[in-house]
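The values are calculated or read from the model by the stated rules, or taken from the named source; none is laboratory data. Because the structure is a prediction, the values reported are computed rather than measured. As a convention, Cβ positions derive from the backbone with ideal geometry for all residues, glycine included, and neighbour counts pool all protein chains shown. Accessible surface is based on the protein model in full, side chains and every heavy atom, while ligands, DNA and RNA are left aside. Shrake-Rupley method; radii C 1.70, N 1.55, O 1.52, S 1.80 Å.
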Amino acid sequence: MSLSLIQIRDKNDLVEAIQSAQRTNKSIALQGAGTKTNLGRHVIQAHILSLKDLTGVTLYEPEELVLSARAATPLAEIEMLLAQNNQQLAFEPIDYASLFGQSGNSGTVAGALAINASGPRRIKAGAARDHLLGFSAVTGRGETIKSGGRVMKNVTGFDLSKLICGSYGTLAALTDITIKVTPKSETEKTIILFNHSERECLNLLRKAAASPYEVSGLCMVPSGAMEGFDQNLAALRLEGPEISVASRCESLCHGLVENDIDRLLLNEKASRLFWQKIKNFEPIIAHNGQVWRISVAPRDGRDIIESLQSAGLPIQGYFYDWAGGLIWLAVDSAPHAYAQIIRSIVDQKGGHCTLIRADIKTRETVDVFHPQSTVLAQLTSRIKFSFDPACVLERGRLRAEF
């Protein structure tokens, strides 16, 4: 357990706590709602800085599609506010709660941005980092920084959002954020295609992704991995005005398959429920093993799974998102998490993978994040030490060396 919990009331408290940690060379863990604690390497820090008091929406202008909030504002609160104005977070933040046995939708907005939590709609709307307009934060030097503003064209402070998002709190502690929101679609429908092999399903998804029909969700689930579906399925989501969605669905189906018997069209309610299940990892949630997140070129998704199967990997379950470019893989638990086998195969395709779920001992000894090339590792180190020269923020969470 960490040695102490420090309650942060405002930005001044945060500056003081980080500066004190730097002077005494004590490491710090950042915590909002605590839902991301099990992500990354496991390292015992000297102090936990609780940011849970830094909460509340500070600005919301629906007409301008912009919202500002303090770091620990619950995502659920923001999404509820947006829903009242028929708006949404387009990057569809993924929620790891179900993988760790936690209550769903309990994370904070800063936590989602810190891990760049992007869901199925990323293929169309972009990642979380693409929706961060501006932020205020305190670096590991104990210095307050501000980047961006309230419009996309504002590049004050360079584009630091691309560094902060996905840094897991190792560069700076977010205090305030401003994000772009979007109107919610009038309706949505999902086409489910059956009676195809996994490779054929993935080929159909890639073909749909290259079409002009603006598909906003592309996943493939193997036979039996989801309740109610006993065949391989390829799912394609279309969103927008009712007349547009209906027309695009029909055109897309005709362009992909000839036999109408092999498809199912989910209405708006059923479509939203289906993609909620994909966001909540339903195809692998029943498995109790270790979970890997594998990112590759969509054309290589099936090759990766076949190679892993041929190598004798004890696979419990898997499914594909992003037209095959993202694989969620559950395997039997092992002290080494089969990291060498998985990474050697993924490396051959130029992809990368992250160990998402494993016990503490495994996350202490196995590289959770994909090893970097020498040049990239050197660049990462330079960025880390420019923000946090004493490595006080989340020491060792990304890399053992810092």
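Quick look at the values:
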{"quantity": "Ratio of Rg to Rh over region 1-184 (Cα coordinates, Kirkwood Rh, two decimals)", "calculated": "0.95"}
{"quantity": "Convex hull volume per residue in cubic angstrom - Cα atoms of region 103-200", "calculated": "168 Å³"}
{"quantity": "Efficiency of FRET between Asp332 and Arg199 - r from beta-carbon atoms, R0 30 angstrom, step 0.05", "calculated": "0.75"}
{"quantity": "Segment Gln276-His254, length gained on full extension (0.36 nm per residue, minus Cα span)", "calculated": "5.2 nm"}
{"quantity": "Distance (nanometres) between label positions extended 7 Å along Cα→Cβ at Glu64 and Lys361", "calculated": "5.5 nm"}
{"quantity": "Over region 71-155: Rg over Rh, Cα atoms, Kirkwood Rh", "calculated": "0.99"}
{"quantity": "Cα-based equivalent ellipsoid of region 249-377: semi-axis lengths in Å, sorted from largest, via gyration tensor", "calculated": "31, 18, 14"}
{"quantity": "Accessible area (Å², per residue) of region 282-365, counting only protein heavy atoms and a probe of 1.4 Å", "calculated": "39 Å²"}
{"quantity": "Sequence-distant residues sharing a close amide H with Ile94 (under 5 Å, placed H)", "calculated": "Ser118, Gly119"}
{"quantity": "Among Gly228, Ala137, Ile278 the positive-end extreme of the charge dipole of region 131-288 (Cβ point charges)", "calculated": "Ala137"}
{"quantity": "Largest-first ellipsoid semi-axes for region 187-279, taking √(5λ) over the Cα gyration tensor eigenvalues, angstrom", "calculated": "19, 16, 11"}
{"quantity": "For Gly134, residues with placed amide H under 5 Å, excluding near neighbours", "calculated": "Gly149, Thr178"}
{"quantity": "Stretch gain in nm, segment Lys184-Lys349, where the contour uses 0.36 nm per residue and the Cα spacing is subtracted", "calculated": "55.7 nm"}
{"quantity": "In order through region 272-288: 3J(HN,Hα) via Karplus (6.51 cos²θ - 1.76 cosθ + 1.60), integer Hz, x for Gly, Pro", "calculated": "4, 5, 4, 6, 5, 5, 5, 4, 8, 6, 4, x, 10, 5, 6, 8, 9"}
{"quantity": "Helix 301-310 axis, angle to the chain major axis (alpha carbon atoms, nearest 10°)", "calculated": "90 degrees"}
{"quantity": "Selection from Ala114, Asn195, Thr365 lying farthest towards where the dipole of the chain points positive, charges on Cβ", "calculated": "Thr365"}
{"quantity": "Mean Cβ neighbour count within 10 Å, used as a protection proxy, ranking 359-372, 24-37 highest first", "calculated": "24-37, 359-372"}
{"quantity": "Within region 108-199: Cβ-based charge dipole about Cα centre, in debye rounded to nearest 20 (Lys, Arg +1; Asp, Glu -1)", "calculated": "180 debye"}
{"quantity": "Additional length obtainable on full extension of the chain from Thr144 to Ser381, 0.36 nm per residue less Cα span", "calculated": "83.2 nm"}
{"quantity": "The chain: angle of helix 11-24 to the longest principal axis, Cα-based, in degrees nearest 10", "calculated": "70 degrees"}
{"quantity": "Accessible carbon and sulfur surface of region 1-184 relative to its total accessible area, %, 1.4 Å", "calculated": "50 percent"}
{"quantity": "20 Å-binned pair-distance histogram of the chain (Cα, whole percent)", "calculated": "27, 57, 17, 0"}
{"quantity": "Net charge of Cβ neighbours under 10 Å - reference Gly325; Lys, Arg +1; Asp, Glu -1", "calculated": "+1"}
{"quantity": "Region 174-332, Cα convex hull volume normalised per residue, Å³", "calculated": "143 Å³"}
{"quantity": "Where chymotrypsin sites (Phe, Trp or Tyr not before Pro) fall in DSSP loop in region 119-215, at most 14 other Cβ within 10 Å", "calculated": "Phe158"}
{"quantity": "Order of exposure, largest accessible area first, which applies to Glu79, Glu242, Glu186 with probe 1.4 Å", "calculated": "Glu186, Glu242, Glu79"}
{"quantity": "Estimated FRET transfer efficiency (Gln84, Lys52; beta-carbon r; R0 30 Å; 0.05)", "calculated": "0.80"}
{"quantity": "Accessible carbon and sulfur surface of region 282-365 relative to its total accessible area, %, 1.4 Å", "calculated": "47 percent"}
{"quantity": "Crossing angle, helix 374-387 versus the chain [Cα axis fit, 0-90 degrees, rounded to tens]", "calculated": "50 degrees"}
{"quantity": "Long pairs among Lys36/Lys184; Lys189/Lys277; Lys36/Lys279, criterion Cα-Cα beyond 25 Å", "calculated": "Lys36/Lys184"}
